[in-house]
Amino acid sequence: MSASEPSKPRISSTQWIGIAMVAGIAIGTLFPTAEYPRVTEYAKVVSSVFLRMIKSLIVPLLFSTLVVGIAGHGDDLKKVGRLAWRSILYFEVVTTLALAIGLVAVNLVKPGAGVSLSGAGADKGQQFAQTQVTFSGVIEHMVPQSFFEAASRNEVLQIVFFAIIFAVAVARVQGPPKDFMLKFCESLSEVMFKFVGIVMAFAPFGIGAAIAVTVGQSGFGVLKSLALLVGTLYGALIVFVLLVLMPVAVMAKVPIARFWSYVKEPWVIAFSTASSEAALPRAMEQLERMGIPKRIIAFVLPTGYSFNLDGSTLYLAVASVFAAQAAGIDMPVATQLLMMLTLMLTSKGVAAVPRASLVILSGALASFNLPLEAVAVILGVDAIMDMARTSINLLGNCLATVVMARWEGEYPAHGAGAVERPAGA
């Protein structure tokens, strides 16, 4: 090709993921699981390999970036405590608003009215409800018995807790030991971000396979009977973004268009895989490219996945009242508010529990004597709803990270400090 000839535009990683999603929908539609179980089985393997690759890098990435972020600024450890309190305050306010919007939406639309629970069994709900979730248990669960046990289980909150204490200890050490640990963690962090880049090259295949499995198993037919429930959740999440996240971004002077250009790829990954873990490494990388300090990213983003699950919290409000409506139970506003308080407390710190939202929902239904059969009904469309709530969890936590950086005075309003253009932009 001559020097004067213009180069062909490259397809960005985000566009490749979009193409993969379309291909996954087509494969799932053409080869439904009921008729072609082998296709779904192979797609599951590809999707599982991608998610396993992602999970394998989370612990070293989190640990190294958090230690460098805190110990590298050990001259002012008060910043860590201040950041923690500000983050928790922000998380509680935003998740309370998410609960309120979900509660208003489900009472206005009434998606459970006319839904029959007679054909559903309670065994699924009882299975989830057996996992008891209490606020005191969540607090105890935050502290790891063993770092290696927490690492093997990808217990993000426990890793964050251990890394913070370890970083504070490193900051108090002087001389060669401190220099050695900081250089080691800096090197590990740099290598792990390169690791993320390698894994993300496989992302279109893993995401396309995940979508194919979801569509192949659930199909579009299952949406007919529960379309109102799915529509209520999606509509409420859009309202939450417009009435809560957008005003927060405006008040914090976050450049919205620029912010979206950096988080759109991790958002697509979260939506298509319905996995927070799959999007976490890329989100950390993109926020650092945006100019957010590692110290804030490494603390706020993973902590948010335990305390700032905006999408999941809103979903719980919708699903719990849906169960009462489907059973024909008239729940007074006072009882609904009490249930929301229970959900707000028990939904903290359980992101690592498989199908965490269903576990919390089942426990709440059992506590308020609501039919567990509703869980069996919701399971039919849970994968589709999981995609939406997980993507909003990701979006809310990325915004929280930028807002905390602004609040700490470490990210200028005009967005200076970005190190390079966002990957895939």
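At-a-glance table
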{"item": "Single residue of the stretch 140-149 satisfying the filter (at pLDDT 85 or above, in contact with a helix residue (DSSP H, G or I) (Cβ under 9 Å, 6 or more places away or on another chain) and not in a loop (DSSP other than H, G, I, E, B)) that is farthest from residue 298 (Cα to Cα)", "result": "149"}
{"item": "Residue under evaluation residue 160, criteria (1) farther than 16 Å from residue 62 by Cα; (2) among the β-branched types (Val, Ile, Thr); (3) touching a residue at least 24 places away in the same chain (Cβ under 8 Å), criterion not met", "result": "(1)"}
{"item": "Filter result (assigned to a helix (DSSP H, G or I) and at pLDDT below 85) within the stretch 30-56", "result": "51, 54, 55"}
{"item": "Members of the stretch 362-386 that are buried (at least 21 other Cβ atoms within 10 Å of the Cβ), assigned to a helix (DSSP H, G or I) and either at pLDDT 85 or above or among the aliphatic types (A, V, I, L, M) (or both)", "result": "364, 365, 374, 375, 377, 378, 385, 386"}
{"item": "Output for the stretch 276-318, where each listed residue is of a type in the set (Lys, Arg) and modelled with pLDDT under 85", "result": "294, 295"}
{"item": "Residue selected from the stretch 168-177 under the condition assigned to a helix (DSSP H, G or I) and out of contact with any helix residue (DSSP H, G or I) (no Cβ under 6 Å at 6 or more places or on another chain), by the criterion nearest to residue 294 (Cα to Cα)", "result": "168"}
{"item": "Test: residue in the stretch 201-215 that is among the polar types (S, T, N, Q) and either under 27 Å from residue 62 (Cβ atoms) or modelled with pLDDT of 85 or more (or both)", "result": "no"}
{"item": "Evaluation of residue 342 against (1) at pLDDT 85 or above; (2) more than 13 Å from the chain's Cα centre (by Cα) (one fails), failing number", "result": "(1)"}
{"item": "Scan of the stretch 268-293 for residues that are surrounded by 24 or more Cβ atoms within 10 Å (Cβ to Cβ) and small (Gly, Ala, Ser), ordered by number", "result": "270, 272, 276, 278, 279, 283"}
{"item": "First in the stretch 170-190 and closer than 13 Å to residue 63 by Cβ, second anywhere and of a type in the set (Lys, Arg), Cβ under 9 Å, 6 or more apart", "result": "170/178; 189/294"}
{"item": "Set 188, 237, 228: member being touching a Pro at 6+ places or on another chain (Cβ under 7 Å), modelled with pLDDT of 90 or more and surrounded by 14 or more Cβ atoms within 10 Å (Cβ to Cβ)", "result": "188"}
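The values are calculated or read from the model by the stated rules, or taken from the named source; none is laboratory data. Remember, it's a predicted structure, so these values are computed and weren't measured experimentally. We place every Cβ from the backbone using ideal geometry, glycine too, and count neighbours over all the protein chains shown.
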